[in-house]
Amino acid sequence: MTFAGKRVLVTAAARGIGATVARRFAAAGARVHVCDREEAALARFAGNHPDIECSACDVADEAGVDALFEQVMRTLGGLDVLVNNAGIAGPTARLEAIAYADWRRTLDVNLDATFLCTRRAVPLLRAAGGGAIVNMSSTAGFLGYPLRTPYAAAKWALIGLTKSLAMELGGDGIRVNAICPGPVAGERMDRVIAAQATAEGRDAATIRAGYERTVSLRRFVTPDDVADMLLFACSDAARSVTGQVLAVDGHTESLVPPG
């Protein structure tokens, strides 16, 4: 897959899946712009990747997104691919114990940010003659996830948004797909497991082993596994693929790890 000359924006890409995706696009010849709200992590990423443009931005903030797209226009001059990668784990608790502010922040970052960025990106993709949007959902977008209700609610909503936008934008040559990772090896999953262990009063190693047993392949996926599917979805090889929910999860059977 080649992306020579393509202009790509990846949100929340200073580390984790987003950073891997940004690096892979750049290696495939794309001109890449990334943003992240964690300025220290963004500075480290920028130092390691001087060929990739970087902006500090909280994509759940409307004014911040407006400023981000002004910067993208200055650096890239347009857009061919948008990767809505921003997301947070949100609280781990029973619904009645979740503060409304925590619920609201989870939806702001995991759902509203995708709306804000896509709203600004669509005119640029249309002006480019078409392009691709990928929304980062999750296996929590089609499976129940107790103790993680705001996260699951947002990820389910992203699938509805993806399918609706694929219908809305197909005539403009803009393809829209959702990537649904299962448990991904890395710092974020470590934090999720630690929070669940605290909430349930169980051992973190037991919870990790339980998650692995709920995956048919009996292992977590990697950021590169997710990037492989995402770059395919944005490539010419997937020119007829839109409105799809593309799971990269080793066939996750459940998000309720056995005790």
Pairwise label distance in nanometres, Glu38 with Arg239, each label 7 Å out on the Cα-Cβ vector: 3.9
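Antiparallel as a % of all DSSP beta bridges within the chain, to the nearest 5?
Details: 1 of 27 bridges.
Taking every DSSP beta bridge within the chain, about 5 percent pair in antiparallel fashion.
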Calculated SAXS-style log₁₀ I(q)/I(0) at q = 0.07, 0.09, 0.10 Å⁻¹ - the chain, Debye, Cα scatterers: -0.23, -0.38, -0.47
Virtual spin-label span in nm between His251 and Met73, 7 Å along Cα→Cβ: 4.9
Dipole in debye (nearest 20) - the chain, about Cα centre, beta carbon charges: Lys, Arg +1; Asp, Glu -1: 360
Rounded to whole Hz, the Karplus (6.51, -1.76, 1.60) HN-Hα couplings of the stretch 195-209, x for glycine and proline: 5, 5, 4, 5, 5, 9, x, 10, 7, 4, 5, 5, 5, 4, 4
Taking the convex hull of Cα positions in the stretch 108-253, its mean projected area over all directions (nm²): 8.9
Cβ-based charge dipole, the stretch 1-150, positive-most Cα from Met73, Pro150, Ala101: Met73
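Going by average Cβ density within 10 Å per residue, which order do the peptides 72-84, 127-139 take, highest to lowest? Write down the numbers at each step before the final one.
Values: 72-84: 20.5, 127-139: 22.5.
Ranking, from highest mean packing down: 127-139, 72-84.
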Acute angle (nearest 10 degrees) that the helix 149-169 long axis makes with the longest principal axis of the chain, alpha-carbon atoms: 30
About the Cα centre, charge dipole magnitude for the stretch 84-226 (Lys/Arg +1, Asp/Glu -1 at Cβ), debye: 120
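Please work out the Kirkwood hydrodynamic radius for the stretch 33-127, using every pair of different C-alpha atoms, and report it in angstroms with one decimal place. Walk me through the intermediate numbers first.
Details: mean 1/r = 0.0688 Å⁻¹.
One over the average 1/r among Cα pairs gives 14.5 Å for the stretch 33-127.
Any read-out appearing in this document is the output of simple, stated calculations on the displayed coordinates, not a laboratory observation. Everything numeric here is computed off the predicted structure, so don't read it as measured data. When we count neighbours, we look across all protein chains shown, and the Cβ atoms used for this are built from the backbone with ideal geometry, even at glycine.
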